[in-house]
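The values are calculated or read from the model by the stated rules, or taken from the named source; none is laboratory data. Keep in mind that this is a model prediction, so the values were computed, not measured. Please note: Cβ atoms are built from the backbone with ideal geometry, for glycine as well, and neighbour counts cover all protein chains shown. Note: accessible area is taken over every heavy atom of the protein model, side chains too, but ligands, DNA and RNA are not part of it. Shrake-Rupley method; radii C 1.70, N 1.55, O 1.52, S 1.80 Å.
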Amino acid sequence: MAEQDSPVTLPVADCSLCPFRGKTLLMGRCMPGDTCVFINSGRQIDRFFRVNPAYAAHYLQDPFWERRAIAVRYAPLKALSALITDEDEVVRRAVAFRLPAQQLSALIDDPDREVRMTVADRIDPEHLELLADDPDYIVRLMVAKRLAPGRLFRFIKDEDLQVRKRVAERLPEVSLGLMATDHSPDVRRIVAERMAPEDATMLLNDSDWVVRYTAALKVDPAHLAGLADDPEPDVRELVQQRLNSNSTPEADHD
């Protein structure tokens with residue numbers, strides 16, 4: 001007979017060593033192996049603070065990083081500023097998630113990108129631009145998603161494609177010409193889709209056929225004659241259709 005899998009053994013603390021044995025244990029507010037702050041088990045620690053949030057502030061300087069990180073979730077906000085420079089990034093992430101938006105400036109230069117991502121997602125709009133030059137593209141992408149469209153010009157030449165695509169999606173329509181020569185066809189396709197018909201003429205000779213096709217869909221047919229011999233069949237067909245529909249047949253004379 002095949003040997004059965006061993007059952008999972010839950011870590012159980014020694015209650016005789018716990019300072020809460022005469023308090024929460026007697027009151028049924030903790031339970032060995034399930035709801036316990038004395039054991040190095042994230043699930044049990046979280047359950048303990050969920051039931052006994054008043055004790056969380058006492059563990060913000062605990063030697064065990066996970067106990068500190070979990071305590072941050074339940075401790076009073078006024079007690080969290082001391083952990084902004086905590087040595088563990090998980091603790092600082094928890095702090096960044098809970099601190100009021102106006103206090104997040106202290107974490108803008110945090111060495112951990114996930115901390116800075118949380119800051120970029122939550123910081124008040126007037127300080128958001130302080131993260132615009134972040135070395136990590138995901139942080140800059142989050143800034144580009146939240147920043148007012150009129151403040152996006154600094155990202156037009158960003159080195160990362162995803163950032164520039166987001167900018168092309170949000171830049172004011174009148175400014176899209178600034179991205180019409182972007183080296184990525186993905187960006188230029190977004191520009192072509194959003195451009196006003198009179199501006200889209202500058203994309204009729206684009207090297208990417210999808211960009212030319214998108215521009216040809218919206219410009220005045222008077223500008224399409226140069227695409228009648230386009231190397232892409234779909235572009236030629238579209239141009240022919242638009243030119244034909246624009247021509248007015250002469251009225252018959254008796």
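A 1.4 Å probe run over the protein chains yields, for region 172-254, 60 Å² of accessible area per residue, whole-number rounding. So, with a 1.4 angstrom probe, what is the percent of accessible area on region 1-153 that is carbon and sulfur? So the carbon and sulfur contribution to the accessible surface is 54 percent.
Projection of the Cα convex hull of region 105-147, averaged over all directions and equal to a quarter of that hull's surface, yields 2.4 nm². For the chain, the relative contact order is 7 percent, taking Cα pairs closer than 8 Å that sit 6 or more residues apart in sequence and dividing their mean separation by the residue count. Taken about its Cα centre, the chain carries a charge dipole of roughly 1920 debye when the Cβ of each Lys and Arg holds +1 and the Cβ of each Asp and Glu holds -1.
The mean of 1/r over all pairs of different alpha-carbon atoms in region 20-98, once inverted, gives a Kirkwood hydrodynamic radius of 12.5 Å. Based on the Kirkwood approach, the hydrodynamic radius assigned to the chain is 23.3 Å, with every pair of different Cα atoms included.
At a probe radius of 1.4 angstrom, the accessible area of region 105-147 per residue rounds to 47 square angstrom. Taking the charge dipole of the chain about its Cα centre, with +1 at Lys and Arg Cβ atoms and -1 at Asp and Glu Cβ atoms, the residue from Leu178, Ser105, Thr35 reaching farthest to the positive side is Thr35. Ligands, DNA and RNA are left out, and with a 1.4 angstrom probe the accessible area of region 20-98 is 54 Å² per residue. Only the Cβ atoms of Lys and Arg (+1) and of Asp and Glu (-1) were treated as charged; on that basis the dipole of region 153-203 about its Cα centre amounts to roughly 120 debye. Per the Kirkwood definition applied to all pairs of different Cα atoms, how many angstroms is the hydrodynamic radius of region 143-254? It is 15.1 Å. Round to the nearest 0.05 the FRET efficiency obtained for Ala54 and Ser184 when R0 = 41 Å and r is the Cβ-Cβ distance. So the FRET efficiency works out to roughly 0.15. When the charge dipole of the chain is built from unit charges on Cβ atoms (+1 for Lys and Arg, -1 for Asp and Glu) and taken about the Cα centre, the candidate among Leu130, Ile70, Phe20 whose Cα reaches farthest toward its positive end is Phe20.
Taking the Cα centre of region 156-247 as reference, the dipole from Cβ charges on Lys and Arg (+1) and Asp and Glu (-1) amounts to some 200 debye.
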